[in-house]
Amino acid sequence: MAQIMFPPPYIAADRAAQSLRESGYAVLAPQDFAQWVGTDLAQLHALDGDWQGLPPDAFLKDGGRYRRRRHSCFVAQAQALQQVPHRAHWQPVEYNALHGGMQRMFDPMLDATTQSPVWARLLEKLADLADQVFRTDGTGAGHGRWFVESHQFRIDTTDGIGRPTPEGAHRDGVDLVVVILVSRKGVKGGETRVFEAAGPGGMRFTLTEPWSIMLLDDARMIHETTPIQPVEAGGVRDTLVLTYRRGNFQGAEVVDAY
């Protein structure tokens, strides 16, 4: 039986801030996203190779072997990006019932990615968007200080099924969540679902185009991605997940540490 997939509800990139404020989410097509960042798709695709050698995720509590990842942290402010000393990823159990409360120290991202000019442009542009939508004074003026966690994921189907969000439908405990589809090959499933945290509204769609992007107001929206299964040997789904948070990284004790 043919798989039914709902197309992504793409909008123009210059409407992303408005859509986040009004609807709690926005979805951008690859070419439009690249132009908005100030680059082109070829430069974004130059980052793809970093996903080929991701180490296994050693912290999966469901016993699975389907996820590989790297993780690094940054501070973005006023068109400047600083990578901070490598640190563990931590979430409270209120946001991640499966893996919350664990200090998960993943391997860091490779310098070839984090030191590339397109990487800085990408994270700084998204910080500009966070300024427009989440500044506490409501004006969107000036530049906030954003604590950014970057997660490179590869979900594979070697064992027959891969779970992009094993914790289920969730929030992340941040301000802005960014989910970028880097690659999708030889799989079915992987439907993205977003729901209002305090209302009946929801949306479902499947990201299939490399470097398409979903943006979420984490306080307002719950999200998940359904499991993937192989339609050919070696099927994988690669994503880049970025989270932007005011104040500090989750789990950090000293606000002025960075």
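Residues in segment 142-155 that are more than 12 Å from the chain's Cα centre (by Cα) and either modelled with pLDDT of 95 or more or under 17 Å from His223 (Cα atoms) (or both): how many?
4
Which condition from (1) under 19 Å from Ser23 (Cβ atoms); (2) in contact with a Cys (Cβ under 7 Å, 6 or more places away or on another chain) is the one that Ile213 breaks?
Status for Ile213: all satisfied but (2).
Quick one: in segment 12-44, of everything that is under 18 Å from the mean Cα position of the chain (by Cα) and in a loop (DSSP other than H, G, I, E, B), which residue is farthest from Met214 (Cα to Cα)?
Gly24
Within segment 190-204, work out how many residues are more than 16 Å from the chain's Cα centre (by Cα), surrounded by 15 or more Cβ atoms within 10 Å (Cβ to Cβ) and not aliphatic (A, V, I, L, M).
2
Can you name the residue in segment 205-235 that is under 14 Å from the mean Cα position of the chain (by Cα) and more than 25 Å from Asp14 (Cβ to Cβ) and, of all such residues, is surrounded by the most Cβ atoms within 10 Å (Cβ to Cβ)?
This residue is Thr225.
Out of all the residues in segment 65-121, which are modelled with pLDDT under 95, more than 30 Å from Gly234 (Cα to Cα) and among the aromatic types (Phe, Trp, Tyr)?
Selection gives Trp90, Tyr95.
Against the condition touching a helix residue (DSSP H, G or I) at 6+ places or on another chain (Cβ under 8 Å) and over 17 Å from Phe153 (Cβ atoms), how does Leu20 come out, does it pass? Step through it out loud before you land on a result.
Numbers: touching a helix residue (DSSP H, G or I) at 6+ places or on another chain (Cβ under 8 Å): yes; over 17 Å from Phe153 (Cβ atoms): yes.
Answer is yes for this residue.
Pairs needed: first member in segment 30-47, farther than 14 Å from Asp14 by Cβ and modelled with pLDDT of 95 or more; second member anywhere, surrounded by fewer than 17 Cβ atoms within 10 Å (Cβ to Cβ) and among the hydroxyl-bearing types (Ser, Thr, Tyr); C-beta distance under 8 Å; at least 6 residues apart or different chains.
Once the first residue is farther than 14 Å from Asp14 by Cβ and modelled with pLDDT of 95 or more and sits in segment 30-47, its partners that are surrounded by fewer than 17 Cβ atoms within 10 Å (Cβ to Cβ) and among the hydroxyl-bearing types (Ser, Thr, Tyr) give Ala46/Ser116; Leu47/Ser116.
For Val27, are the conditions met, namely being modelled with pLDDT of 95 or more, of a type in the set (Val, Ile, Thr) and in contact with a helix residue (DSSP H, G or I) (Cβ under 6 Å, 6 or more places away or on another chain)?
Answer is no for this residue.
For segment 184-200, give me the residue count where each residue is touching a strand residue (DSSP E or B) at 6+ places or on another chain (Cβ under 8 Å), under 30 Å from Phe249 (Cβ atoms) and either part of a strand (DSSP E or B) or free of Cβ contacts under 8 Å to residues at least 12 places away in the same chain (or both).
Qualifying residue count for the region: 6.
Do we find a residue being free of Cβ contacts under 8 Å to residues at least 60 places away in the same chain, within 13 Å of the chain's Cα centre (by Cα), in a strand (DSSP E or B) and on the phi < 0 side of the Ramachandran plot anywhere in segment 161-183?
Scanning segment 161-183, I find at least one residue that is free of Cβ contacts under 8 Å to residues at least 60 places away in the same chain, within 13 Å of the chain's Cα centre (by Cα), in a strand (DSSP E or B) and on the phi < 0 side of the Ramachandran plot, so the answer is yes.
Since Ala257 meets every condition but one in (1) within 30 Å of Gln43 (Cβ to Cβ); (2) modelled with pLDDT under 95, which condition does it not meet?
Unmet condition: (1).
The values are calculated or read from the model by the stated rules, or taken from the named source; none is laboratory data. Small disclaimer: the values here were computed from a predicted structure and weren't measured. Counting neighbours? That spans all protein chains shown, and the Cβs are built from the backbone with ideal geometry, glycine included.
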